[in-house]
1. From the residues Tyr487, Asn546, His521, which one has its Cα farthest along the dipole of region 485-550 in the positive direction, the dipole being from +1 and -1 charges on Cβ of Lys/Arg and Asp/Glu about the Cα centre?
2. Sorted by packing (mean other beta-carbon atoms within 10 Å per residue), highest first, where do 86-94, 321-329 land?
3. Are there GluC sites (Glu not before Pro) in region 463-506 that DSSP marks as loop and that have at most 15 other Cβ atoms within 10 Å, and which are they?
4. Hey, could you get me the Stokes-Einstein D for region 359-408, Kirkwood radius over alpha-carbon pairs, 20 °C and 1.002 mPa s, rounded to whole µm² s⁻¹?
5. Rounded, prolate or oblate for region 413-550? Axes are the square roots of the Cα gyration tensor eigenvalues, ordered a ≥ b ≥ c, and the cut-off for rounded is a/c under 1.5.
6. Semi-axes, largest first, in whole Å: what does sqrt of 5 times each Cα gyration tensor eigenvalue give for region 1-111?
7. What is the Cα convex hull volume of region 1-55 when expressed per residue in Å³?
8. At R0 = 45 Å, how high is the FRET efficiency between Glu365 and Asn98 if r is their beta carbon distance? Nearest 0.05 is fine.
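The values are calculated or read from the model by the stated rules, or taken from the named source; none is laboratory data. Small disclaimer: the values here were computed from a predicted structure and weren't measured. Methodologically, a virtual Cβ is constructed for each residue, glycine included, from the backbone with ideal geometry; neighbour enumeration extends over all protein chains shown. We work out accessible area using only protein heavy atoms, side chains counted, and drop any ligands, DNA or RNA first. Shrake-Rupley method; radii C 1.70, N 1.55, O 1.52, S 1.80 Å.
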Amino acid sequence: MAEIEREAMEYDVVIVGAGPAGLSAAIRLKQLDADLNVVVLEKGSEVGAHILSGAVLDPSGLDRLIPDWKEKGAPLNTPVKEDNFYMLGEAGKIRIPNFAMPPLMNNHGNYIVSMGNVCRWMAEQAEAMGVEIFPGMACSELVYGDKGEVKGVVAGVFGVEPDGSYGEGTEPGMELHGKYVFLSEGVRGSLSKQVIEKYSLDAESDVAKFGIGMKEIWEIDPAKHNQGEVSHTMGWPLNSNAGGGSFIYHLENNQVYVGFVVHLNYKNPHLFPYMEFQRFKHHPMVAELLKGGKRVAYGARAISEGGFQSIPQTAFPGGALLGCSAGLVNVPRIKGNHNAMHSGIAAAEAAVKAIKDGRQSDVLEDYDTEIKTGVIGKDLKRVRNVKPLWSRFGLVASLAIGGVDMWTNNLFGFSLLGTLKHGKTDAAATGKAADHKPIDYPKPDGTLSFDRLTNVSFSFTNHEEQQPAHLQLKDPSIPIGVNLPDYAEPAQRYCPAGVYEVVEEDGKDARFVINFQNCVHCKTCDIKDPSQNINWVTPQGGEGPNYPNM
């Protein structure tokens, strides 16, 4: 094939992803130097379309970035007024008293928000400052310079033939070059994966760890609504099968966010995270809250859970990893948006300093140092052992030991345990099907619980069907030849959108089917596949979920 010719546009800084990290970087760049040319490229159909988060927002990042955010109308409308922690059994619950929780777990001063709407508002602030924001522009390739540095990205490729070739109707996109390129793609970003591998950015960090988070928005009976109430649960229905828990947040307009997180290092390949979520809603506490209400939206995404010890080197030749691309979530707090904003601010400040010094396309060492030792590093370091303790010893022991560890970190600034390792990757943690019992899940009732395909319709997901599948198999023989006999092909279950099926027809061999049109871009398959055979890449820009106010 002849080399593709593309037009190129030059910028000072190119930002991939209009989430809280990328938009914070864009705003801070313009605050420091209004003459900088800054562009933000967003694969969603609009800013916020692909944003899914709990979310109880710690406003510390926003306070730094836009101190007068209240006066400017930021959509932080519901301050947290009540904090509840529960341990669930199948029919009952035990409340964990708040005084037993380390102070860092307190949500006083935080806000229940739609991060999609927060990002839409941040985009308005950025555009008013002169930032160029292009939604519907998926970044499909990196562009490298003569010295092997990242100098830009390819964006806006449309109309690729089903076999991956370029035809007469293909728009080849364009190259956007920058003195620095910021990758703020969210969890397990496709370009971020490439730079981590190319520059061995994870050579000195622990393995990355992840969870799958699923969320529904419900409109409930006003008599049961308690705006500002935040509840978290652990225990049933997961119990010893997997780590994880739930969240229930009462926001405005008689709506609640109902979410469920399953840590992806579970061993039993028969586990079905989506069905665990659906079963959770039948717990008496949850069922009573939702009775008479209606679900209005659904979505899912992976969550970075590695914490402090899993942060890779965040600066590379020509750019930086921001937010969840670097894995900056505080796991016990279930919060990463504040750190995403802090990372955007730090990256912008490092880039502006470098550009003023006449540098470009080098490694922003100041940024990496700030991530590890500044406000983000301090936030993550004091909770660094919670996740590995849970993985090793289970829920009850980790609550006790992890609680003490967080208290000593909070009070004295050190851990008696040092820094624990995570061990295996989530993919390698998957056990053989023969060694684990299948799990019998109740059929969804269509009132509280729903089948996957019905729920996916409430994510408003759409993909043009003629393009190549953006879920690529490295070896097409592995799903049926290896994963099915060894692991009962867990892709059928770990995907929260019903993308993967094993189809068995009379007299024919089993087939592995990829319904990529259903994909909500959660990236779980890229993470959990035990053979590491699935590579998630971006589809055409503007496709995927269209979340309203997740």
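1. Asn546
2. Per-residue Cβ counts within 10 Å, averaged per peptide and sorted highest first, yield 321-329, 86-94.
3. Glu464, Glu465, Glu504, Glu505
4. Rounded to a whole number, D works out at 169 µm²/s.
5. rounded
6. For region 1-111, the ellipsoid semi-axes come out as 40, 21, 11 Å.
7. Details: hull volume 6.5 nm³, N = 55.
Cα convex hull per residue, to the nearest whole number: 117 Å³.
8. With a Förster radius of 45 Å, E is 0.65.
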